[in-house]
Structures are given as C-alpha cells and as structure tokens.
Amino acid sequence: MIHNYGNKIARLKRFVLGQNVNDGALFKLFIYIILISISVLYLQPVLYMISTSFKTVSDLMDPTVKWIPRQFNFASYFDAFRGLHYWKALWQTTYMSLSASLLQVISCGITGYAFARLRIPFKNILFVVVLITFLIPPQSLVIPLYVTYAKLHWLNTSLPFIIPAIFAQGLKGSLFIIIFRQFFSTLPKELEESAKMDGAGAVRTFWKIMLPLSRPALLIVFLFAFVWHWNDFFEPMLYLRSARAEDFIPLSLRLNYMQGVLDYSAGKIGGIGGGGASLGGGAYDVNEAIKMAAAFIIILPPLLLYMFAQKYFVEGIERTGIVE
C-alpha cells in the first residue's frame with residue numbers, strides 16, 4: 001500500500017515537474033501562458049480593427065458595445081474601397097513593393113557576397129561605411145535626396161523607390177547587405193574551391209552555386225523589403241506630393257486622402273489633396289468604422305503573404321542567424 005502510494009507520488013511529480021526542467025506540465029503551462037499573453041498583445045489591435053470596421057454609427061456611440069456589433073455593417077468596406085481607389089492603388093503599391101524588393105534582393109545579395117567571400121581592397125573599411133549608413137537616421141538625408149530627385153524629375157513617380165534598390169540602397173538596404181554577408185560567411189569555402197577547379201569565375205560561382213544555396217536569406221530579405229515598402233509612409237509622403245487621383249499614390253498615402261476623395265464623390269469640394277477627417281455636419285462623414293475598414297484592407301495583402309510564407313520565414317531566420 002505504501003509502495004503504491006509512493007509510486008503515485010513519483011508519477012505525479014514526474015508529470016508536474018518532468019525528468020528535465022522543460023518536460024513537466026508546470027513548465028509547459030508557464031510557456032503557454034506566456035505565448036497566449038503575447039498573442040493577445042499582438043492580436044488585440046487587429047481584432048479591434050476588424051470588430052470596429054463592422055460597426056454602425058450607433059454602435060460606435062454606444063459604450064455598451066465592445067467587440068461584437070449589434071448588426072454587422074458592410075457599408076464601411078464599400079466606402080473604404082471607393083475612398084482609397086483600392087484596386088488602382090493596390091496595383092501601384094504591389095508594383096512598387098514587388099519591384100523594389102526583387103531588385104534589393106539581387107543587388108544586396110551580390111554586395112553581401114562580395115563582402116563575405118571576395119578579396120576587395122579596403123573591404124573592411126567599406127563594410128564599416130555600410131554599418132554607418134545603417135545607423136544614420138533617414139530623416140537626416142531627406143533634404144539632399146529630395147533636391148536630387150527633384151532635379152532628376154523623379155517626384156510623383158515610383159523611381160525614388162525603384163532606382164535606389166538597383167544599387168543596393170533604398171529602404172533598409174544596409175541591413176539586407178549585413179544579412180547576406182552573415183549568411184554567405186557561414187557557407188563552406190570548399191564549394192568555391194571546387195567551382196574554381198572546374199573553371200568557374202566569381203560571377204558564375206555566385207549565380208550557379210552560392211545564390212541557390214541562399215534561399216533562406218533570399219526569402220527573409222524579400223519579405224522584409226516587401227512589407228517595409230508596403231507600409232512605408234514617410235518616404236511616399238515626401239516624394240509623392242501630387243493632388244491628382246490618376247498619379248502614382250500608394251495605399252499607405254491614400255489613407256491620408258480618403259476623406260477628400262469621399263467628399264468629392266459625394267459632391268462636396270475635395271479630392272486627393274484636400275479634406276480632413278470630419279466628425280459631423282459634412283457632406284461625407286468618415287467615421288471610425290470606415291477608417292478601420294480601410295486600414296484592414298491595406299494590411300490584408302501582407303498578412304496573407306505572411307500566412308503562406310511563415311514556415312519558410314521562421315526557417316530562414318534560424319538559418320541566417322538573424323536572431324543571434
């Protein structure tokens with residue numbers, strides 16, 4: 001009897017604490033609590049955005065309505081689509097983000113490979129310059145860049161975002177160079193030695209051997225670049241100052257002009273360049289539900305992209321060592 005009672009106590013202790021620290025139910029419960037708490041912190045703003053986008057004006061004014069509206073209202077999404085010129089803006093934003101991301105992947109990959117594996121004069125000094133550009137705040141470069149793009153007649157076009165990406169610059173270009181350099185530094189040198197024995201030069205070695213092996217780094221850089229270009233508001237606000245709806249205006253910027261567009265469509269003077277958020281008495285009232293609907297359909301494409309690529313994204317982070 002005492003022996004059986006001792007065995008039950010031992011099994012219960014093993015179940016709660018485990019043979020190792022990370023095997024027991026107590027440790028797993030602690031991990032689950034932490035993960036659920038972090039998930040709530042990240043998901044609560046998105047859930048609030050979705051919930052508010054379906055609310056009517058009466059639900060917005062009623063303090064008793066928290067998460068679930070009394071009646072689901074889809075009109076806010078129709079207004080948001082119209083106010084954003086969504087399909088045209090979606091094409092423009094996708095074109096800019098996709099082009100700049102692919103160009104940065106290629107140019108930063110070549111630059112990172114050169115820093116990691118090639119013998120270049122003053123290579124370490126040049127890499128320090130890359131690190132310095134990573135530390136310099138972009139706001140300090142606004143005036144010279146704006147003047148340069150104005151002289152080149154690139155304002156109100158996608159060129160200020162695409163051309164710098166060709167030369168491994170652009171948004172976060174120095175960070176992508178560092179990621180590629182770190183990844184290529186981990187690959188064995190025997191691969192390049194074997195390629196040299198077969199008569200391959202540096203360019204052929206990079207395209208035929210090193211680049212196919214760098215798929216994790218390619219995916220990481222592409223996803224980072226795509227999402228950052230998609231969500232960027234600072235640079236488009238500087239270089240895209242057009243007041244015409246037919247010009248190049250990405251989604252992140254059109255949200256700022258949505259009130260004016262809806263006022264114009266309702267017959268009130270407005271448009272891309274005019275109109276602020278009105279809370280009452282105007283020809284068209286952009287309430288919180290319309291704003292949340294517009295914000296949600298703007299972030300929806302990157303969310304879908306991450307949902308399909310999250311497995312490879314996590315694997316890529318582990319292989320590139322970006323978390324170290």
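What follows draws every value from the coordinates through simple rules; no lab data is involved. Remember, predicted model here, so these are calculated numbers, not experimental data. Note that we place each Cβ from the backbone using ideal geometry, even for glycine, and neighbour counts take in every protein chain shown.
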- Ranked on Cβ counts within 10 Å of their own Cβ, fewest leading, GLU190, GLU288 go GLU190, GLU288
- If PHE122, PHE206 are placed from fewest to most neighbouring beta carbons inside 10 Å, the sequence is PHE122, PHE206
- Using label points projected 7 Å from each Cα along Cα→Cβ, tell me how many nm separate GLN71 and PHE234, to one decimal. 4.5
- Query: In the P(r) worked out for segment 154-254, what percent of Cα pairs fall beyond 23 Å?
  - Reply: 44
- Message: What distance in nm lies between label points placed 7 Å from Cα along the C-beta direction at LEU131 and LEU98?
- Response: 3.8
- Message: Cut-off is 10 Å between beta-carbons; in what order do ASP59, ASP198 appear when sorted fewest neighbours first?
- Response: ASP198, ASP59
- Query: Which length gain, in nm to one decimal place, applies between MET49 and SER194 when the Cα-Cα distance is subtracted from 0.36 nm times their residue separation?
  - Reply: 46.7 nm
- Residues in segment 145-182 reached by a label modelled at ILE209 [backbone nitrogen below 18 Å; 7 Å Cα→Cβ]: 181
